[in-house]
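Asker: To start, I am sharing the structure in question, which I have written as C-alpha cells.
What follows is calculated from the coordinates using simple rules that are stated; it is not laboratory data. This one's a predicted model, so the numbers in the text were calculated from it and none came from an experiment. FYI the Cβ positions are ideal-geometry reconstructions off the backbone, even for glycines, and counts take in every protein chain you see.
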Amino acid sequence: MRRLLLGLGILSLLSLGSCVSKKKMAEMTKQRDLFFEEKEKAEKALARARSMNDSLLTAAQEYDRDRTRFKNDLIELQGEYDRLKKECDELQKAYEGKLKSNKSEAQKLLQELNDKENRLRQLEDDLRLREKRVKELEDILQAQRDAVTQLRDKLLKALKGYTDKGLNVYEKDGRVYVSMDEKLLFASGKTEVNRDGQMALTELGKVLESDPSLQVVVEGHTDNVPLSGSGPIKDNWELSVLRAASVTKILLENRNIDPKRITPAGRGEFIPVGTNETKEGRAKNRRTEIIIEPRLDELMKLIKGE
C-alpha cells in the first residue's frame with residue numbers, strides 16, 4: 001500500500017516537468033518501474049489468491065455437498081441399522097421363544113422317554129421274574145412228570161406178578177393209575193377182597209409207604225346191570241362205594257400209611273371204559289382204580305406267588 005502511494009506521488013512530480021532534475025527523473029523512473037513490477041506481482045498474487053479462494057470455495061462447496069450427502073447417507077444407514085437391529089431383536093426373541101419352546105418340548109419328550117424307559121425296565125424286571133417263575137414251574141412240573149414216571153416204573157416192578165391177572169398200571173394226566181379188574185379183587189356182587197387182591201394191595205401199600213407225599217384216591221366202578229337178589233346192597237352205586245372202602249381198609253393195614261392220604265369213592269356205572277352192551281365191555285367196567293399222584297403243594301405255592 002505504501003508503494004502504491006509512493007508511485008502516485010512520483011507521477012505527480014513528473015507532471016511538474018522542468019521543475020524536476022534529470023537525476024531526479026531517473027530515480028523516479030526507476031521507482032516507477034519498481035512500482036509497476038511490484039504492482040504486477042501483487043496482481044499475480046491476488047489472482048493466485050482468488051484462484052485459490054475459488055478452489056477453496058469449490059472444495060468447500062463440494063465438502064458441504066459431500067457432508068450433506070454423507071449426513072443423509074448416515075441418516076439412511078442409521079435407519080437401516082435401526083431396522084435391522086429391530087428385526088434382529090425380533091428374530092432373537094423369536095429364536096429364544098422357539099428355543100424355549102423346543103427345550104420345553106424336549107423336556108417333555110425326555111420325561112416321556114424316561115417314563116417309557118422306567119416302564120421298560122419294570123417290564124424287563126417283571127419279565128425276568130415271570131421267566132424265573134415259569135422256569136421254576138417247568139422244573140416242578142418236570143420233576144412231577146419224572147416222579148410220576150418213576151412211580152409208574154416202581155409200581156410195575158412191584159406188581160408185575162399181577163399184570164396177567166387183571167392188573168394194569170399206566171400214566172394219565174400227571175397221575176399213575178393202578179386199575180384192577182373185578183376178578184382180581186372180588187367175587188361177583190361181593191365187597192370182600194379175595195386173597196390175590198389182598199396180596200396185590202399189600203405190595204401196593206409198600207410202594208405208598210415209601211413216599212408219604214403221594215395222595216391216593218380209590219374209585220369203585222361197576223357195569224350197568226342192576227343187582228339181583230334181596231341182599232343188603234341196594235344198587236351198583238352202593239356196591240362201588242363199599243368196594244372202594246374195602247380196598248382202602250386193606251391198604252391201611254399198613255400202619256405207615258396215613259389215612260388222610262387216601263380217599264375212597266364210589267362211581268357206580270357212570271364212568272364206563274367199555275360198552276355195557278357186551279360181556280367183555282361190562283367186565284372192563286367192573287373195576288377198581290387206585291389213582292396216585294404227587295402232592296402239588298410246591299406247585300400251588302409257586303402259582304400263588306408264595
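Asker: What is the mean projected area of the alpha carbon convex hull for the stretch 159-304, to one decimal in square nanometres? All intermediate terms of the calculation are to be shown ahead of the outcome.
Answerer: Numbers: hull surface 38.6 nm².
Dividing the Cα hull surface by four gives the mean projection, 9.7 nm².
Asker: Please give me, ordered by residue number, the GluC sites (Glu not before Pro) of the stretch 159-231 that lie in loop per DSSP and have at most 12 other Cβ atoms within 10 Å.
Answerer: Those satisfying the criteria are E192.
Asker: Then there's this: For each pair in K183/K260; K165/K249; K234/K284, compute the distance between the two Cα atoms and list the pairs where it is over 24 Å.
Answerer: K183/K260
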